[in-house]
Amino acid sequence: MSENERDVAREPEDLARLFHERANAGDAEGLVALYEPQAVVAAGDIVASGHDEIRRFYTDLLARKSDFPEPETLPAIRNGDLALTFARLPNGALSVESARRQPDGTWRWAIDQLKIKPVTKG
């Protein structure tokens with residue numbers, strides 16, 4: 001599926017929903033499309049910077065055939081074209097990200113402090 005055919009984040013709060021849908025669909029390219037080209041993803045000791053590293057990170061993560069729990073999306077805090085996005089996981093952990101409005105009006109993450117932990121399938 002091309003990026004033009006995918007749903008896009010019209011609001012910063014859409015990013016968590018799209019992440020959940022794409023992660024559970026095993027769509028690494030769809031996950032990469034949620035990030036700016038030079039975005040940074042921090043997940044414990046793993047840090048991915050830029051689309052190529054983010055793609056490798058998610059390709060490896062999704063290869064483990066995991067399910068991702070649905071987060072509770074909390075309202076974003078906005079300041080012009082910047083937003084902090086928040087998602088609360090079923091275990092109470094809070095994921096916090098920095099998103100930026102793109103020139104076409106859509107939103108993408110610039111910094112993602114990933115807290116979503118996959119649940120390994122039995």
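Where a number appears in this text, it was derived from the coordinates with a stated rule and is not lab data. Note that the structure is a prediction, hence the values are computed from the model and not measured. With ideal geometry, Cβ positions are generated from the backbone for all residues, glycine too; neighbour counts draw on all protein chains shown.
Worth pointing out:
- Mean residue ellipticity (222 nm) of the chain, computed from DSSP H runs ≥ 4 via -39,500 (n - 2.57), nearest 500: -7000 deg cm²/dmol
- Averaged over residues, the count of other Cβ atoms within 10 Å places the peptides 71-81, 7-17, 51-61 in the sequence 7-17, 51-61, 71-81, highest first.
- Here the relative contact order of the stretch 1-110, from alpha carbon pairs under 8 Å that lie six or more residues apart, stands at 28 percent.
- Rounded if a/c under 1.5, otherwise prolate or oblate - the stretch 16-122, Cα gyration tensor axes: oblate
- Of all DSSP bridge pairs formed entirely within the chain, close to 85 percent run antiparallel.
- For the stretch 59-117: rounded, prolate or oblate by the Cα gyration tensor [a/c cutoff 1.5]: oblate
- When each of the peptides 37-43, 106-112 is scored by how many other beta carbons lie within 10 Å of its residues on average, the order from highest to lowest is 106-112, 37-43.
- Assigned charges on the beta-carbon of Lys, Arg, Asp, Glu; the stretch 38-122 dipole about Cα centre (debye): 140
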